[in-house]
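The values are calculated or read from the model by the stated rules, or taken from the named source; none is laboratory data. It should be emphasised that the depicted structure is a prediction, and the values quoted were computed from it without experimental measurement. Cβ placement follows ideal geometry from the backbone for every residue including glycine, while neighbour counts extend to all protein chains displayed. Areas reflect the complete protein model, heavy atoms only, side chains present, ligands, DNA and RNA absent. Shrake-Rupley method; radii C 1.70, N 1.55, O 1.52, S 1.80 Å.
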Amino acid sequence: MVTEKVFGNLPSGEEAHLYHIENKSGAYIEVSQYGAILVKICVPDKDGRLTDVVLGYDNLESYFVNGCFFGACIGRSGNRIADSRFMIDGQEVKLTPNEGKNNLHSGPDGFEKKLWKASVEEKQNAVTLSRISPDGENGFPGEFEVSVTYELTEENAVRIVYFGVSDKATVANMTNHSYFNLNGEGSGTAMDQYLTIHAQEYTPVREDSIPVGENVSVEGTPMDFRTAKQIGRDIGADFEQLRFTGGFDHNYVTDGYNKASIREIASAWSEESGIQMDVLSDCPCVQFYAANFVEDEHGKNGHVYNKREAFCLETQVEPNAVNVENFHSPILEAGERYYSETVYRFSVRK
């Protein structure tokens, strides 16, 4: 069942709606028309209590700033692009820097700051948000017709599908930036929660979080999550990569990638709540971020969020892949169909 209500008004006076998508068991998600933002994911814990497992805000106005990108639909390009520039079809494209000289999540005015057109998909228990990103928006070439669909299944899986077509070659590497705490938003640290990432390799970075240009083995390093371990176990290890980024904030090259084929890439679990989250995607990579730089963020229900009280698993290609030949390419050719799918599937372990 999908219902909607007014979430608030933009400075322009335009109304933005909030879509409540609920399944037959009572689990639900909420999605904002502004920014195509995932505002809530409420699923049962081991005692049957509905628990909101994502960080966010109670009001629309807070999402106008949203410096942490809580729940954001990131586009056209997730993660970082070095020096805010790249070459495409022999032309240099210049973007707006918003993290030093680099471009992060497409710049300061990305898809998460736009009002999308909404269409309710009742049969699918979903809402589809769409917009036309004009040629040159945030520096990216091509008019990009794009949509993102949020679906809640009867099995408590949140399915996110991205679709797009551009009339010029462009970059298409969209993701969702939800911050998860499986004990519930505002419940404190997430560092005691267990995480598995099905990845033999990760992507080392420089001090400015731009990849050095290669993927290396996780073997024998604190970056190894091939077997479930508590997120906080090795986060303070004396390891250069963790010093550079203040904790985990790295891309993982996940196992079993086969273009257009979805498979499980990660799994997280809380012993306290019993909630398990499996992540499935057709993307080659995932960025694991342990909320190292969240500080004094006033969120939902009067809660104040601070560092390491959540974690992100953002499906993608490698950061700066548009400038690195041996990474997975984010280039979408003119007229080519962009399609990407990620599922966050929730269950209870007792």
Give the range 124-133 a look and list any residue that's open to solvent by 20 Å² or more (accessible area, probe 1.4 Å), assigned to a strand (DSSP E or B) and either of a type in the set (S, T, N, Q) or free of Cβ contacts under 8 Å to residues at least 12 places away in the same chain (or both), or say none.
T128, S130
All-but-one check, E121 against (1) open to solvent by less than 70 Å² (accessible area, probe 1.4 Å); (2) modelled with pLDDT of 95 or more; (3) not aliphatic (A, V, I, L, M), failing number (2)
So V171, is it open to solvent by less than 40 Å² (accessible area, probe 1.4 Å), under 28 Å from A310 (Cβ atoms), of a type outside the set (S, T, N, Q) and in contact with a Pro (Cβ under 7 Å, 6 or more places away or on another chain)
yes
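Can you tell me which residue within the range 99-109, out of those that are out of contact with any Ser or Thr (no Cβ under 7 Å at 6 or more places or on another chain) and not charged (D, E, K, R), is surrounded by the fewest Cβ atoms within 10 Å (Cβ to Cβ)?
Residue satisfying both the conditions and the ranking: G100.
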In the range 100-116, how many residues are over 13 Å from C73 (Cα atoms), in contact (Cβ under 8 Å) with a residue 40 or more places away in the chain and in a strand (DSSP E or B)?
1
Can you name the residue in the range 73-98 that is in contact with a Lys or Arg (Cβ under 7 Å, 6 or more places away or on another chain) and among the charged types (D, E, K, R) and is also surrounded by the fewest Cβ atoms within 10 Å (Cβ to Cβ) among such residues?
E92
Exactly one of (1) open to solvent by less than 20 Å² (accessible area, probe 1.4 Å); (2) in contact (Cβ under 8 Å) with a residue 40 or more places away in the chain is unmet by E151. Its number?
(1)
Report yes if some residue within the range 106-115 is within 27 Å of V93 (Cα to Cα), in contact with a Cys (Cβ under 7 Å, 6 or more places away or on another chain) and modelled with pLDDT of 95 or more; otherwise report no.
yes
For G35, indicate whether it is buried (at least 23 other Cβ atoms within 10 Å of the Cβ) and either of a type outside the set (S, T, N, Q) or farther than 16 Å from L129 by Cβ (or both).
yes
Restricting attention to the range 211-221, does a residue exist that is open to solvent by 60 Å² or more (accessible area, probe 1.4 Å), over 30 Å from T51 (Cα atoms), at pLDDT below 95 and assigned to a loop (DSSP other than H, G, I, E, B)?
no
Which of the strands (runs of 3 or more DSSP E) found entirely inside the range 235-350 contain at least 1 residues meeting this: touching a strand residue (DSSP E or B) at 6+ places or on another chain (Cβ under 7 Å), open to solvent by 60 Å² or more (accessible area, probe 1.4 Å) and closer than 23 Å to F69 by Cβ?
337-348
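So that you can scan it fast, the table gives a plain yes or no per residue for (1) in a loop (DSSP other than H, G, I, E, B); (2) of a type in the set (D, E, K, R):
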position	(1), (2)
V120	no, no
D135	yes, yes
E145	no, yes
E151	no, yes
S209	yes, no
M223	yes, no
Residues of the range 239-260 being among the small types (G, A, S) and under 19 Å from the mean Cα position of the chain (by Cα), in sequence order, are G247, A260
Condition met for A190 (of a type in the set (A, V, I, L, M, F, W, C), open to solvent by 50 Å² or more (accessible area, probe 1.4 Å) and touching a residue at least 12 places away in the same chain (Cβ under 8 Å)):
no
Could you figure out which of (1) open to solvent by less than 20 Å² (accessible area, probe 1.4 Å); (2) of a type in the set (V, I, T); (3) part of a loop (DSSP other than H, G, I, E, B) isn't true of I160?
(3)
Residue satisfying all of: in the range 1-42; charged (D, E, K, R) and in contact with a strand residue (DSSP E or B) (Cβ under 9 Å, 6 or more places away or on another chain); farthest from V348 (Cα to Cα) among these:
E14
